[in-house]
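Notes for the one structure printed next.
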Amino acid sequence: MERILDVRELKTWYRTEEGIAKAVDGVSFSLERNRILGIIGESGCGKSVTALSVMRLVPMPPGYFAGGDILWKGRSIVKATEEEMRRIRGNEIAMIFQEPMSSLNPVYTCGDQIMEQILTHRDVSKVEARRQAVELLDMVGIPNPSDRIDSYPHEMSGGMRQRVMIAMALSCGPELLIADEPTTALDVTVQAQILDLIGRLRQDTGMSVMLITHDFGVVAELCEEVVVMYASRVVERGMVGHIFENPLHPYTRGLLKSIPRLGAKKERLNVIEGNVPSATRLPEGCRFAGRCTQADNQCRNAQPPLVEYQPGHLAACWKIS
């Protein structure tokens, strides 16, 4: 299959008062056309900064690319001009942000904001842009779209605002949709509807999806491949089925064990003790060593490489035999 996105040893760092914050530090993965890739990990592990790097939305300064590259259909995003990026953003790569209420402008109607996206990238009249906006609202499941197009964000529920964000993202027919925790702060029923909508739109449009989440349940439901991140690096990568059946990294196993299971006996959920290290004070060796029950001196002193143990299944751990 055609590989449309190729992230190679990407390093996105920030200059801070405490020193250099290595938010993304040598991350590599790829995404093929019409596939869904999940990026999972705890808060602070670098998932969102990876997505913002792909969109070239990292504020510079204080952020900067310290190394590596991002290839979009063979073209370098890191080296692209701002004019080239304006053509790519929204048109070829679109993004759904975490919190729709803060992402939508409260003083403009939802329809105006979708139309602005269409008018920016398409040579159409305002009448045609409005017609397309109504079609998009209908596509994402908003009832009475011809009426709701004139609603303001505060007049809609959280689930409806997220659907408006998806409509905006799809307005120019992107080839890649980046969804950054698209179900955060939504109730369980609405979460399921949004995930089902993303999956259905992928089938209907043929676009690729990069889904950022901290929930392995979401990965199991929607994704075909998964990248597990910890402390700014990839610790495991592979097909979802392989990782669920045979997780290689202790961190991945810890995340899977922490998922609540229906019908399980009453017992405490598994907890990964400790916290993700600060991006300005990353340890010398394996970054998970301070929380890992198997860690020894080699783990604490030397950073393990990402090794392919099975076809397409990679992990970075000294303890894998």
Lysine pairs in the chain with alpha-carbon atoms under 19 Å apart, 8 or more places apart or on different chains: how many are there? 7
No solvent, one uniform scatterer per C-alpha: report log10 I(q)/I(0) for the chain via the Debye equation at q = 0.11 1/Å, two decimals. -0.73
Under the rule that an exposed site lies in a DSSP loop and has at most 12 other Cβ atoms within 10 Å, name the longest stretch of the chain with no trypsin sites (Lys or Arg not before Pro) of that kind, not counting the sites themselves. 80-260
Starting from a Cα-only point model with no solvent, please compute log10 I(q)/I(0) by Debye for the stretch 93-173 at q = 0.18 1/Å. -0.63
For the stretch 126-184, the Kirkwood Rh over every pair of distinct alpha carbons, in Å, works out to 12.0
Under a point spin-label approximation (7 Å from Cα along Cα-to-Cβ), what is the E92-D150 distance to one decimal in nm? 3.9
Beta bridges per DSSP with both ends in the chain, % antiparallel, nearest 5: 65
Calculated from backbone phi, Karplus (6.51, -1.76, 1.60) coupling profile of the stretch 23-39 in Hz, x at Gly/Pro: 5, 10, 9, x, 8, 9, 6, 9, 9, 8, 5, 6, 10, 10, 10, x, 10
Going toward the positive end of the dipole of the chain, with +1 on Lys and Arg Cβ and -1 on Asp and Glu Cβ, which of L197, T120, I212 do you reach last? I212
Long-range amide H partners of I178 with built H, under 5 Å: A94, M95, I96, M210
Longest exposed-site-free window of the chain, the sites being GluC sites (Glu not before Pro) in a DSSP loop that have at most 11 other C-beta atoms within 10 Å: 19-266
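Values in this text are rule-based calculations from the coordinates and carry no lab data. Everything quoted here is computed from the prediction, not taken from an experiment. Using ideal geometry, Cβ is built from the backbone for each residue, glycine included, and neighbour counts are taken over all protein chains shown.
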